[in-house]
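J.: Here you go, one structure.
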Amino acid sequence: MITTMSIPSTVLVTGSSRGLGRGIAVRLAARGHSVAVHFAGNRAAAEETARLCKEAASNTAQIFPVTGGNIAVAEDRQRIFEETLAAFGQLDALVNNAGIAPRIRADILEAAEDVFDEVLDVNLKGPYFLSQMAARHWLSRPGQSRLPGGFKLIFVSSLSAETASLNRGEYCISKAALAMATKLWAVRLADAGAQVLELRPGIMATDMTAGVKEKYDMLLAEGIVPQKRWGTPEDVGLAVEAILAGAFPFSTGDVLNIDGGFHLKRL
C-alpha cells in the first residue's frame, strides 16, 4: 500500500510530446515525479514520451497520463486541467512549455494579422490562463504542496524575449510578454506558498530549429554562443528538476538563462 508520504509529486508539462517538453518530462520522471504529458495534435508522440517516462521512472507509484488539446482554446485548457486533476488528484507544479513559431516567417512589414493572433494565443494567452487555473487550485490548498518550498509555476520563454528577429516579430513579442507574465504571477503568489520562475532557453536543438540547423551551426562555430554548442532538451530538464527540488528557495519572478552565455554582453 502506498502511504501519503510515498505518493509522488505531480507535474503538468505542456507541449511535452516532443522537443524541450519531452526532455523536461523524462528528466522529471527520473527524479520521481508523476508527469502529465500534454500534446496539441500528435498523440502518438505523446504516448512515446509517456513510455520514455515510464522507463526512466524511479518509483512504481509514478503515473504518466496523456492529455491533449490546444491551450489557445478555453474549452481545451479546461479539459486539459480537469483531466490532469482527475488523474492526479492534486497538481504540484505546472511547466508552461508549449509554444509555436509563426507558420509563415515574414518581415514585420509583411507580417499577417492571423499569424500574429495564432502565435500570441498559443504562446501567451494559453499559458497565462492555464496558470490562472493552477493558481486557483493552489490557493484552495494552502500548505499542501508535496514539493520543497511549495507549489511551482514555470514559464519556458526564449532568448527571443530580449533578442529581436525581424522575420518572427510575433514570436519575440509573445516571449517578451511571457516574461512579464512570470513577474505578475510571482508577485501574486509570493505569499501563497507558490514559486514562479522563467526559464529562457537559447539556441536549442529541437524540431523548431531543424530547418535552420546549417545557419546556426555556422553561427555557433563563430562564437555567437560562448560555450559554442547547441542547447539540448536535457539542459532545460535539468533546470526544471533543480527548481522542483527546491534549489532556489529564496527566488521568485527571476529568469534562469539556459543559453550557453548567449545573453552576455561582449566586446
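J.: Show that you can apply the helix-only estimate: for the chain, add -39,500 (n - 2.57) for every DSSP H stretch of four or more residues, divide by all residues, and state [θ] at 222 nm to the nearest 500.
T.: The helix contribution divided over the chain gives -12500 deg cm²/dmol.
J.: Now for a different question. Using only alpha carbon pairs under 8 Å that are at least six residues apart, calculate the relative contact order of the chain and give it in whole percent.
T.: 19
J.: State the Kirkwood hydrodynamic radius of region 4-257 in Å, one decimal place, computed from all pairs of distinct Cα atoms.
T.: Here the Kirkwood hydrodynamic radius works out to 18.3 Å.
J.: For the chain, list the DSSP H helices whose alpha carbon atoms reach 27 Å or more along the long axis and whose average Kyte-Doolittle value is 0.0 or above?
T.: Membrane-span-like by this rule: 169-189.
J.: Need one word for region 49-89: rounded, prolate or oblate. Basis is the Cα gyration tensor (sqrt eigenvalues a ≥ b ≥ c); a/c below 1.5 gives rounded, then a/b vs b/c decides.
T.: oblate
J.: Sticking with this structure for a sec: Among the listed pairs 54/175; 228/265; 125/175, which are separated by more than 20 Å between their Cα atoms?
T.: In this structure, 54/175 exceed 20 Å between Cα atoms.
J.: Moving on to the next point. Going by average Cβ density within 10 Å per residue, which order do the peptides 151-162, 211-222, 14-25, 54-65 take, highest to lowest?
T.: Answer by packing, highest mean first, reads 14-25, 151-162, 54-65, 211-222.
J.: Which order, highest average first, do 200-209, 125-134 follow once you tally other Cβ atoms within 10 Å for each residue and take the mean per peptide?
T.: Sorting 200-209, 125-134 by mean packing, highest first, produces 125-134, 200-209.
Laboratory data are not the source of any read-out in this text; all were calculated from the coordinates shown. In this text, all values refer to a predicted model and were calculated from it rather than measured experimentally. No Cβ is skipped: glycine too gets one built from the backbone with ideal geometry, and neighbour counts run over all protein chains shown.
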